[in-house]
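The values are calculated or read from the model by the stated rules, or taken from the named source; none is laboratory data. What you see is a predicted model; the values in this text were computed from it and never measured. Note that we place each Cβ from the backbone using ideal geometry, even for glycine, and neighbour counts take in every protein chain shown.
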Amino acid sequence: MKRCSSCGTYAEDNAYVCPRCGAPLGAPQQAPQYARQVTAPPRQAYYQPEPACCERNNIVAGIFALLFGYLGIHYFYMGKISGGFICILLELVTCGVWSTVTFIQGIVFMCMSNEDFNRKFVQTSSTFPVF
Ligand SMILES: [Zn+2]
């Protein structure tokens with residue numbers, strides 16, 4: 001505890017001004033070690049987001065899926081190379097019906113947030129994420 005020199009009120013050690021009269025209380029009386037502990041970096045510093053290199057833009061992927069979905073361009077863009085080939089194969093096997101699915105995928109990509117898109121389609125271990 002610290003004591004205000006002007007009014008005698010006790011204040012917290014980390015307080016810089018008196019809670020009652022507002023007079024400056026000076027530096028904390030604790031050892032510098034403790035002071036450093038109190039001013040530790042905020043928690044979020046330990047939770048770094050995924051590096052930008054692994055992220056893709058959901059709007060760009062959506063446009064690719066809408067325009068060139070049958071060619072699997074959006075899968076190649078998302079880094080899912082085998083997924084892209086599966087896409088082309090499905091297009092051939094279904095005689096073009098598959099492009100309806102990729103068209104819907106394009107809309108889904110653009111409607112979801114970029115974070116959701118990256119988590120569900122780019123940073124997933126799945127080789128062929130559909131929805
Ligand atoms: Zn005071």
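Run down Gln123, Gln48 and say which single residue is closer than 30 Å to Asn14 by Cβ and at pLDDT below 95. Lay out the reasoning, then the answer.
Details: Gln123 fails: closer than 30 Å to Asn14 by Cβ.
Just one listed residue meets the conditions, Gln48.
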**OP:** Could you check the stretch 63-131 for helices (runs of 4 or more DSSP H) lying wholly inside it with 3 or more residues that are without any contact (Cβ under 8 Å) to a residue 40 or more places away in the chain?
**Re:** 73-77, 81-93, 98-111
